[in-house]
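The values are calculated or read from the model by the stated rules, or taken from the named source; none is laboratory data. These figures come from a predicted structure and were not determined experimentally. Neighbour counts run over all protein chains shown; Cβ positions are idealised from the backbone, glycine included. Calculation scope for accessible area: heavy atoms of the full protein, side chains included, ligands and nucleic acids excluded. Shrake-Rupley method; radii C 1.70, N 1.55, O 1.52, S 1.80 Å.
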Amino acid sequence: MSATRNLPTELDAVIVGAGFSGLYQLYKLRQLGMRVKVVEAGSDIGGTWYWNRYPGARCDVESMHYSYSFDPELEQEWEWTEKYPSQPEILAYIHHVADRHDLRKDVVLDTKVTSAHYDEDSALWTVRTEDGQEVGARYCIMAVGCLSVPKKPEVPGLERFRGDWYHTCDWPESGVDFTGRRVAVIGTGSSGIQAIPIIAQQASELTVFQRTPNFSLPTFNGPIDREMVADIKSRYRAIREESRQSGFGIAIEPPTRSALEVDPGERHRNYEERWQRGNLTGVLQAYTDLLADEEANETAAEFVRGKIREIVDDPDTAEKLCPKGYAFGTKRPCLDTGYYETFNADHVQLADLRETPLVEITEKGVRTSDREYEVDSLVLATGFDAMTGALLNIDIRGRGGQPLREKWQDGPALYLGLNPAGFPNLFTITGPGSPSVLSNMIVSIEQHVEWITDLVDHMRRGELRTVEATETAEKEWTDHVREVGDMTLYPKTDSWYMGANVPGKPRLLMAYLGGVGPYWQKCQEVAANDYEGFALSA
Ligand code: NA7
């Protein structure tokens, strides 16, 4: 059965968002025999992987680790083709899972949730949509994604640009052919860094507008190694469990030494060996203190800068591409395929916005403080209002009609990143205050979905009506998230992890750095102790 656009008026649970998290939550709640629907703004399922269709879009967690673990047959049957999965392949996987478990019949597409209000008398949530539908439900689960509200550059003029423009996260389904066109790309985060080498293959001229250079490492992507696949498949259960107990949601051998206790030659050899692995964790996890000590971090940062200087022919361009002034890893590092090499092509130029800031978008192109760049097409790879943006875009009101926006005016506060006090029966999957974006998302998604499902099951068996975090538990957890973050270098860097990419947004580390394994243990202890820190009532 295919998806419809009609919602019933009453449900047991409403899930907002049909990405990896919403679809799995649907699957799990349906197993409890609940009446559940997923409401999705997009015209199809897939979430992040539906929207982010820009050229070169690819996950930078390796294919064998970026998949659901809940269906052991599926993980044996599904064949990834590359070391890192491309956006079309991930989307095909999501479609396959949805078909296999008949999920689409409970997904309502093309329907944007605008509000969710809690009624204290009935203990029900009323969820409203842009097209005027209204549904009441006991549980409201926000599976809205951490990077789903696009951010445009804070300069005027986009509306008068006469060429065509695209945001990487809202790319035309039919694709874009840049052949023979003069193209500008603004933004050099993961999206820009993945798209730029591909756009450069088509464009007649490409100008990359860079505000902050990023650390990027090569993927060494290619056809997947079949021996490795066979090996992983033979041990998948154990590997999944190890991932759940790990720091970032992918099992690695943990480092044991400080970067500063080894001699420079040995350190360089170690970084080189790890660089060749072509992944995010290799170099960053080489030593215990790379994310906690500036001097230690600088050794890895300088190693990466050395690579950039080796790859990029023009020394001036290479220097502009070298990140300086913030610690490697504290702004989301990128993985690329031929990014730095792209700047060796004659038709590609780098505009350094630190030297000559962006002033405006004009009819003809982009104006910086020193000149106007005339272009035919403009690509905005300018990122997202991360983690809180999608939640606060919905008018969510809890007890006493309190808006979530008001509660979070100084920054997000939730217990375990799962539930804000004063908002009974409302859950956020991979919400702020959980490992979330600082982990392999699928591992964190599965943990949250399973934990929420167990809690809902517990409520139903005990004939309980409401569950909500206590103010005390929420405060203690939020303080703990900050304290753990403060032991690292992350808070020193302006990044989207800190909300620093959106003017006026409260500046604080939104993800929990205590590690996926320890976090999961804490969630399980809370559940085992009768949901300690939550108030449950009949
Ligand atoms: P990111 O990583 O937030 O990157 C956005 C880029 O756009 C970044 O280089 C920004 O520079 C730049 N930007 C944003 N606003 C402006 C303005 N006004 N002027 C110039 N440049 C600007 O988003 P992505 O989509 O690339 O990646 C998001 C995540 O997806 C990624 O981290 C992975 O987790 C997957 P800035 O650094 O703010 O100076």
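Heavy-atom accessible area with a 1.4 Å probe sorts E360, E75, largest first, into E360, E75. Rg and Dmax of the chain, based on Cα coordinates, read 23.2, 70 Å. Note on R277 and E130: the extension gain reaches 48.2 nm, defined as 0.36 nm multiplied by sequence separation minus the Cα-Cα distance. Which of the pairs K320/K475; K28/K112; K233/K475 have their Cα atoms more than 32 Å apart in this structure? Cα-Cα > 32 Å for K320/K475; K233/K475; rest within. Mean projection of the Cα convex hull over all viewing directions, computed for the stretch 208-356: 10.6 nm². Averaging 1/r over every pair of different alpha carbons in the stretch 307-405 and inverting the result gives a Kirkwood radius of 17.4 Å.
Each of K492, K152 has its accessible area taken with a 1.4 Å probe; listed largest first, they run K492, K152. By the equivalent-ellipsoid construction on the alpha carbon gyration tensor, the stretch 207-280 comes out with semi-axes of 27, 21, 15 Å, ordered largest to smallest. Per-residue 3J(HN,Hα) values for the stretch 196-209, derived from phi via the Karplus relation 6.51 cos²θ - 1.76 cosθ + 1.60 with θ = phi - 60°, read 4, x, 6, 4, 4, 5, 9, 5, 7, 9, 10, 10, 9, 9 Hz in sequence order (x marks Gly and Pro). The residues of the chain have, on average, 40 Å² of accessible surface per residue, using a 1.4 Å probe with all protein chains present. The GluC sites (Glu not before Pro) of the stretch 116-199 that DSSP puts in a loop, and whose beta carbon has at most 16 other beta carbons within 10 Å, are E120, E130, E154, E173. Charged side chains reduced to their Cβ positions (Lys and Arg at +1, Asp and Glu at -1) give the stretch 282-399 a dipole of some 640 debye around its Cα centre. Note on K331: aspartates and glutamates with a C-alpha under 12 Å away, same-chain residues under 8 apart excluded, are D494. Each label was represented as a point 7 Å from its Cα along the Cα-to-Cβ direction; for A527 and E406 these points are 3.4 nm apart.
Surface listing: L508, L426 arranged by accessible area from highest to lowest gives L508, L426, probe 1.4 Å. Counting only heavy atoms of the protein chains and using a 1.4 Å probe, E73 has close to 120 Å² of accessible surface. In the context of the full protein assembly, I224 retains an accessible surface of approximately 10 Å², using a probe radius of 1.4 Å and ignoring ligands and nucleic acids.
Spin-label pair D225-K105: with each label point 7 Å from Cα along the Cα-Cβ axis, the two points sit 4.3 nm from one another.
In the chain, the portion of solvent-accessible area held by carbon and sulfur atoms comes to 47 percent [1.4 Å probe, whole percent, DNA, RNA and ligands not counted].
Spin-label model, E159/E372: points 7 Å from Cα along the beta carbon direction are separated by 2.0 nm. With the whole protein complex present, E227 retains an accessible surface near 150 Å², based on a 1.4 Å probe. Shown here for the stretch 152-189: trypsin sites (Lys or Arg not before Pro) in loop regions (DSSP other than H, G, I, E, B) with at most 12 other Cβ atoms within 10 Å, namely R162. For the stretch 458-538, the percent of C-alpha pairs falling in each 10 Å distance bin, counted from 0 to the bin holding the largest distance, reads 16, 36, 28, 16, 4. The lysines within cross-link reach of K324, meaning a Cα-to-Cα straight distance under 22 Å and a gap of 8 or more places when in the same chain, are K307, K492. The tail of the calculated P(r) for the stretch 417-488, taken as Cα-Cα distances beyond 20 Å, holds 37 percent of the pairs. About its Cα centre, the dipole of the chain is roughly 700 debye, where the only charges are +1 on Lys and Arg Cβ and -1 on Asp and Glu Cβ. Taking the DSSP beta bridges in the chain as the whole, what percent of them are antiparallel, to the nearest 5? Of the beta bridges lying entirely in the chain, close to 40 percent run antiparallel.
Counting only aspartates and glutamates at least 8 places from K364 when in the same chain, those with an alpha carbon closer than 15 Å to its own are E159, D164, E205, E372, E374, D376.
Give me the percent of Cα-Cα pairs in the stretch 112-185 that sit more than 17 Å apart, rounded to a whole number. Here the long-distance tail beyond 17 Å is 66 percent of all Cα pairs in the stretch 112-185. Over the residues of the chain, the helix contribution to mean residue ellipticity at 222 nm works out to -9500 deg cm²/dmol, using -39500 (n - 2.57) for each DSSP H run of at least 4.
Once the Cβ-Cβ distance of A292 and S115 is raised to the sixth power relative to R0 = 35 Å, the FRET efficiency obtained is 0.25. Pairwise Cα separations in the stretch 385-530 fall into 10 Å bins from 0 onward with the following percentages, short to long: 11, 43, 36, 9, 1.
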